[in-house]
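Each remark here refers to the structure printed beneath this line.
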Amino acid sequence: MHSALRLPSGWRKLRNIVQWTPFFQTYKKQRYPWVQLAGHQGNFKAGPEQGTILKKLCPKEELCFQVLMKDVLRPYVPEYKGHVTCEDGE
């Protein structure tokens, strides 16, 4: 009998890549591994409070978040806290 070769799954490869190649984000003088899973580079920044992320926002997305804040899905939706203007003007 031939021994069956098991090929690693695509998810396992991706998980290993993410695990070993994080970007590092500095927050309050500490470095944290940062993996951006979606969106264009530069659309996300560490927020002013621990555990928060600032994201560029379009008007339709803003409306969607406002509606979801009143929906039964609220516990599963990122909290929309409103507009923030950063020091760089964005």
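Annotations
- Selection within segment 69-87 - within 16 Å of the chain's Cα centre (by Cα), hydroxyl-bearing (Ser, Thr, Tyr) and closer than 17 Å to Phe44 by Cα: Tyr80
- In segment 50-90, the residues that are touching an Asp or Glu at 6+ places or on another chain (Cβ under 9 Å) and part of a helix (DSSP H, G or I): Phe65
- Selection of segment 52-77 for residues being over 24 Å from Asp88 (Cα atoms) and touching a residue at least 12 places away in the same chain (Cβ under 8 Å) yields Phe65, Gln66, Leu68, Val77.
A short reminder: the numbers here are calculations on the coordinates, not readings from a lab. In this text, all values refer to a predicted model and were calculated from it rather than measured experimentally. Methodologically, a virtual Cβ is constructed for each residue, glycine included, from the backbone with ideal geometry; neighbour enumeration extends over all protein chains shown.
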